[in-house]
Amino acid sequence: MAISNAEGDPATGNEGGGERKRKRRADPPVAKWRTEGEQKTYSSKLIEAIRRVRRSSAAAATDHSRSRAVRAAADRALAVAGRGRTRWSRAILSGRKLKLWVRARACRRKPLGSITAASSSHTTPKSKPPTLERKARVLGRLVPGCRKLPLLTLLEEASDYIAALEMQVRAMSAIAEILSAAGAATAEPM
Amino acid sequence: MSNRRSRVSEEEINRLVSKLQSLLPETRQRGAGRASAAKLLKETCNYIRSLNRDVDDLSDRLSAIMATMDSSSAEAEMVRSLLRS
């Protein structure tokens, strides 16, 4: 399963000389998710995690709960591979607690409905069409930890998340192929 | 970060759209000239959903494989697969 090697060059993140207008936390280079090295590292971490799930899963565990455990392990390994540079990866690592905390904060503030009503009479007109707002909100819910982000940041997070998910799919497919081939081989009567 | 929500103009939106278009691999391939921002957001959402579905299916598959393999051959094969690739 050859992957085109777009070696993530650390310098490609910044355009133009030594201008450091952005902080260090600039665009995380999406290309790194497509490197073979990254996928291999991820695959080995994932296999470790799967072994742990194997060992710790009780005999009574259902197919569904095991599958959920594998998914959770795969997501955690993916988030670790992100090296904490993105919101979505940090959100996964801090677990569901972050989502609940954010939701609690949102409830204490004005709910979204009243904000829209207030802003129309306020001096800040909404020049973003509502369709865009709505879709942006949907996207914000899909990417972990990105519910309340401004659109530009959300898009950056989404693109990194997508590249990471693609790598996750590639790695898990490869592992599944190898293991099921091995399983078939050992199952064959000699 | 900049808090210019009140002044998000059309140019801002166009800038974001072209940025997203360049970031998303599949939209680059399809060569969709200037897709509308809404369409692009929708495609992005659909794509993320389908990727998540794929990962869930793969998790099902991996956990099923895990269950049927006995532990020694599973561990051996996992190690071998690492060394091979």
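Within segment A:127-152, the residues that satisfy the criterion of being within 7 Å of chain B (Cβ to nearest Cβ) and of a type in the set (K, R) are A:K128, A:K135. Here segment A:74-88 is the region considered, the condition is being charged (D, E, K, R) and on the phi < 0 side of the Ramachandran plot, and the residue that is modelled with the lowest pLDDT is A:R85. For A:V80, the conditions (1) farther than 21 Å from B:E77 by Cβ; (2) surrounded by 17 or more Cβ atoms within 10 Å (Cβ to Cβ) all hold with the exception of (2).
The values are calculated or read from the model by the stated rules, or taken from the named source; none is laboratory data. From a predicted model like this one, the values you see are computed outputs, not experimental measurements. Positions of Cβ are backbone-derived with ideal geometry, glycine not excepted, and every protein chain shown enters the neighbour counts.
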